[in-house]
Amino acid sequence: MLVTIAAFSEAYEAHLLRGRLQAEGVSVFIAHEMTVANMWHRSVAFGGVKVQVPYDQIETAREIERDCRLGVYKELLSREVGDLDDATCPRCGCLVYQKRRPFPRAALAVFLSLYLGVVLPPLGWIYRCESCLREYRAPHRPLSPQKIMVVAAVIIATGLSEIALLHWIHSAFGCPGAMECF
Ligand SMILES: [Zn+2]
């Protein structure tokens, strides 16, 4: 008999846990992945993408799932490969957090993506520690020349595609009203 040990709204999250469980020798099955992918708006009604294990492996699987949530494997990884460039709570050192964008940045990102089709890089997150609930920001990292080049290239490419789109609309449908064609 299969037992559900975790459910996620996104399939990739379920597969991250599946990979960990399989690496630890637990048999894993993913349920409702395609159903949720095809009817994402009913994901909550289906109970999400489910990670299921055989009944006799449930204790081991639950322990591994809890260690994943508490960041045990993340800590092992950072010991092996060094700094993961990840946010750490300045008060208690916990690596598990939730993050959100400050409201003005979120509003600007939505406006630019709807109006110009520009996607702003996710910078300036506010982190909330899962352990002590303190809110903090990640340490400021200066912009490198590569990052500036990428941002400039994105802005130029977006501008050119906007001009090309407008040009195509004008040539296909003519001048709207008093606007002058270019
Ligand atoms: Zn903390």
Would you be able to tell me the number of residues in segment 76-89 that are loosely packed, with under 14 Cβ neighbours inside 10 Å and either within 16 Å of the ligand (Cβ to nearest atom) or not basic (Lys, Arg) (or both)?
9
Would you check if there is a residue in segment 138-156 being within 16 Å of the ligand (Cβ to nearest atom), surrounded by 11 or more Cβ atoms within 10 Å (Cβ to Cβ), modelled with pLDDT of 85 or more and not in a helix (DSSP H, G or I)?
no
From 14, 45, residue being in the same structural domain as residue 67 (by TED's automatic domain parsing), in contact with a strand residue (DSSP E or B) (Cβ under 7 Å, 6 or more places away or on another chain) and not in a loop (DSSP other than H, G, I, E, B)
14
Of 116, 120, 95, which residue is within 10 Å of the ligand (Cβ to nearest atom) and modelled with pLDDT under 85?
95
Does segment 104-111 contain any residue that is in contact with a Gly (Cβ under 7 Å, 6 or more places away or on another chain) and away from the ligand (no atom under 13 Å from the Cβ)?
yes
Within 30 Å of residue 25 (Cβ to Cβ), surrounded by 13 or more Cβ atoms within 10 Å (Cβ to Cβ) and away from the ligand (no atom under 16 Å from the Cβ), is that true of residue 61?
yes
Residue satisfying condition, being more than 27 Å from residue 161 (Cβ to Cβ) and of a type in the set (Lys, Arg), within set 128, 101, 105:
128
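The values are calculated or read from the model by the stated rules, or taken from the named source; none is laboratory data. All figures in this text were calculated on a predicted structure; none of them were measured in a lab. FYI the Cβ positions are ideal-geometry reconstructions off the backbone, even for glycines, and counts take in every protein chain you see.
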